Ligand code: GRG
């Protein structure tokens, strides 16, 4: 995809994603060296370096650059976002949670390393995320680093991801209405995406208005991410009908298409992209191109 920002300048989104993902993968690889005790570091690296789209760290870096910061300022907290995301996936897959066998196309962490190690690998990644930001961030004033750490902590804890997960667990087997579904998604998915964008802007030196603008953008794309996930679930399961024994991937789970119908869910997704774009209109078009394309990418992704 190309976008003309200014006469003569073209933004190559595909190249941008590949370049940023490579940078993030290198930083993650270096953040967790294979050292003693080998088993825990192997388990941490297994899930952290197992692929994944790296949407959160790339959003974080793009937001930092949008407000005039350099990639280096955001790289430690961008890596921390992926560490937290990965640990939440490891714990989400555990037998006491979703009990999944596969993640990112590979056997889940507990299937390979055992349950005890998977719990500890998640704990260690969560702890490392905060240590990494505090000890590795460069060229950013301490007050900004502290603000960003507070933002990340709030997004992860009992008012963030953990809140979403516990409400999700409590809702199992019950009728869930749209407002409960939104609560779960805002907390399980949107909070960390929001923290990624907001922390990037904080580290990059954004002022209060910049930070609030990107927060509004992030809230739209956070919810969008989940609505699209739900739509993909439906399209995937109907594609698979006939190929497999007709396994319904979305069985028993409340989703936007189930609660509002597929067409309305698609309209809701379109509305969220449009709203996200509106927030970006305040910024320089050239600098906002990556976030503009990231919103489009989240809306139109196929996995
Ligand atoms: C965070 C302390 C702490 C504990 C974990 C288990 C749990 C609490 C929360 C569950 C969070 C969860 C699994 C949310 C779903 C997030 C989501 C949308 C995952 C898919 O993200 P993608 O598509 O995946 O970005 P890749 O593999 O590309 O990174």
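The values are calculated or read from the model by the stated rules, or taken from the named source; none is laboratory data. Since the model is a prediction, treat every value here as computed from it, not as a measurement. Quick reminder, even Gly has a Cβ in these numbers, built from the backbone with ideal geometry, and neighbours come from all protein chains shown.
Quick notes on this one:
- Residue selected from the range 88-98 under the condition assigned to a loop (DSSP other than H, G, I, E, B) and within 12 Å of the ligand (Cβ to nearest atom), by the criterion surrounded by the fewest Cβ atoms within 10 Å (Cβ to Cβ): 96
- Count of the range 102-119 residues which are out of contact with any helix residue (DSSP H, G or I) (no Cβ under 6 Å at 6 or more places or on another chain) and either free of Cβ contacts under 8 Å to residues at least 40 places away in the same chain or away from the ligand (no atom under 13 Å from the Cβ) (or both): 8
- Note on the range 41-81: residues that are out of contact with any helix residue (DSSP H, G or I) (no Cβ under 6 Å at 6 or more places or on another chain) and assigned to a helix (DSSP H, G or I) total 7.
- Within the set 218, 148, 201, the sole residue that is under 15 Å from the mean Cα position of the chain (by Cα) and buried (at least 22 other Cβ atoms within 10 Å of the Cβ) turns out to be 218.
- One residue alone among 53, 39 is surrounded by fewer than 19 Cβ atoms within 10 Å (Cβ to Cβ) and away from the ligand (no atom under 15 Å from the Cβ), and that residue is 39.
- Residue 193 fulfils the conditions (1) surrounded by fewer than 21 Cβ atoms within 10 Å (Cβ to Cβ); (2) within 16 Å of the ligand (Cβ to nearest atom); (3) closer than 20 Å to residue 76 by Cβ except for a single criterion, (1).
- Filtered residues of the range 161-179 (kept if in contact with a helix residue (DSSP H, G or I) (Cβ under 7 Å, 6 or more places away or on another chain) and in contact (Cβ under 8 Å) with a residue 40 or more places away in the chain): 161, 165, 171, 178
- Among the candidates 146, 84, 167, residue that is at pLDDT 95 or above and either assigned to a loop (DSSP other than H, G, I, E, B) or away from the ligand (no atom under 16 Å from the Cβ) (or both): 146
- Listed conditions (1) in contact with a strand residue (DSSP E or B) (Cβ under 9 Å, 6 or more places away or on another chain); (2) surrounded by 20 or more Cβ atoms within 10 Å (Cβ to Cβ) are all met by residue 101, apart from (2).
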